[in-house]
1. Which residues, if any, in region A:1-46 lose at least 20 square angstrom of accessible heavy-atom surface (probe 1.4 Å) when the other protein chains sit next to their chain rather than the chain being alone?
2. Out of every Cα pair in region A:3-107, what percent are spaced more than 22 Å from each other?
3. Can you send over the carbon and sulfur percentage of the accessible area for chain B, probe radius 1.4 Å, protein chains only?
4. Given the protein assembly as shown, what percent of its DSSP beta bridges are antiparallel, to the nearest 5?
5. Show that you can apply the helix-only estimate: for the protein assembly as shown, add -39,500 (n - 2.57) for every DSSP H stretch of four or more residues, divide by all residues, and state [θ] at 222 nm to the nearest 500.
6. Looking only at B:Pro36, B:Pro112, B:Pro80, which one moves most when chain B is put into a Gaussian network model with springs between Cα atoms under 10 Å?
7. Below 8 Å, C-alpha to C-alpha, sequence gap of six or more: please give me the relative contact order for region B:4-138 in percent.
8. Indicate the helices, whole DSSP H runs only, in chain A that combine a mean Kyte-Doolittle hydropathy of 0.5 or more with a Cα extent along their long axis of 15 angstrom or more.
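The values are calculated or read from the model by the stated rules, or taken from the named source; none is laboratory data. The shown structure was predicted, so the numbers you read here are calculated from the model rather than taken from an experiment. Ideal geometry is used to build each Cβ from the backbone, glycine not excepted, and the neighbour counts take in all protein chains shown. When the accessible area is computed, the model is the full protein with side chains, heavy atoms only, and any ligands, DNA or RNA have been set aside. Shrake-Rupley method; radii C 1.70, N 1.55, O 1.52, S 1.80 Å.
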Amino acid sequence: MTVESLYTADGMKMVCGGDGSKQIDGVYCCDMLSVAMSKAPAGSCWVTVVCNLNTLAVASLTDCACVIIAGGVLVGDDVKAKAEAEGIALFSSEEPVFETALKVHGMLGA
Amino acid sequence: MSEVKLSYTISGDDFTRAGEASGDVKSKLKVLGVSPDIVRKVSIALYEGEINMVIHAHGGTIDVIISEKDITMVLADKGPGIENVELAMQAGYSTASENVRALGFGAGMGLPNMKKYSDEMKIDTRLGEGTTVTMKVLLQ
Ligand SMILES: Nc1ncnc2c1ncn2[C@@H]1O[C@H](COP(=O)(O)OP(=O)(O)OP(=O)(O)O)[C@@H](O)[C@H]1O
Ligand SMILES: [Mg+2]
């Protein structure tokens, strides 16, 4: 599945489209940045409630396919602008981390 | 390739700019044609060190020296120093404040990551004077 599939996915709000042709290989959940830094697999869809510029720095250093800010956490304009500047696909979801991850996981299997 | 040196001043407690130096090093290494694996190691090790300087030591300086055989990163700060380096190196040990924990820091994994992603790492620290972390990543 590619990032583009999330553009119109139910419950997913697109903040920044990034590279829609990027392949999503799996889902990764973590809210501690330095844990994600060493454990997030390249090509993963990272689901987290931590939303600040450092989230994007970690996503870019680990080569995540995209980031979903879950739990209805507000995505600030600074984060949106940075995602656009760096071309990082960024979404937000009102649902909690687990439900959001489960949804993407389900889409991957479909 | 002759030696290339990059230098940065990192301002303290400015989270919005934290990570800019490592981001810049990352893009410069790419331009220099350094392999993606090495770029990743250097970027991660440097990012963790840069963040530590910002959240624990009110900023400092970063020098990155790229030679034919390795990349050396020197991160120097005039912060509080580290009381027990062995303890600080343990996965999960953190003195991060509630403020920075709310930003996703404080897992106590930064120093272990720096050790893991560099080929050599040395910490010189003096209480009340500061800390200098030197990391080396080999190019082959
Ligand atoms: N440059 C520094 N100056 C002073 N103390 C430091 C410095 N770097 C690390 N420390 C101390 O070592 C501890 C462990 O650092 P480490 O990077 O592993 O974890 P952390 O920064 O607390 O959390 P994380 O990196 O997982 O977000 C810190 O909590 C802090 O007490
Ligand atoms: Mg740290």
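1. So the qualifying set is A:Met32, A:Leu33, A:Ser34, A:Val35, A:Met37, A:Ser38.
2. On the way: 812 of 5460 pairs.
In whole percent, the long-distance tail amounts to 15.
3. Numbers: 3570 of 7080 Å².
The C+S portion of the solvent-accessible surface of chain B is 50 percent.
4. Details: 35 of 46 bridges.
Among the beta bridges of the protein assembly as shown, antiparallel pairing accounts for roughly 75 percent.
5. Working: 10 runs with 93 residues, N = 250.
The per-residue figure over the protein assembly as shown is -10500 deg cm²/dmol.
6. B:Pro36
7. Details: 263 pairs, mean separation 36.3, N = 135.
After rounding, I find 27 percent.
8. Flagged H segments are A:97-109.
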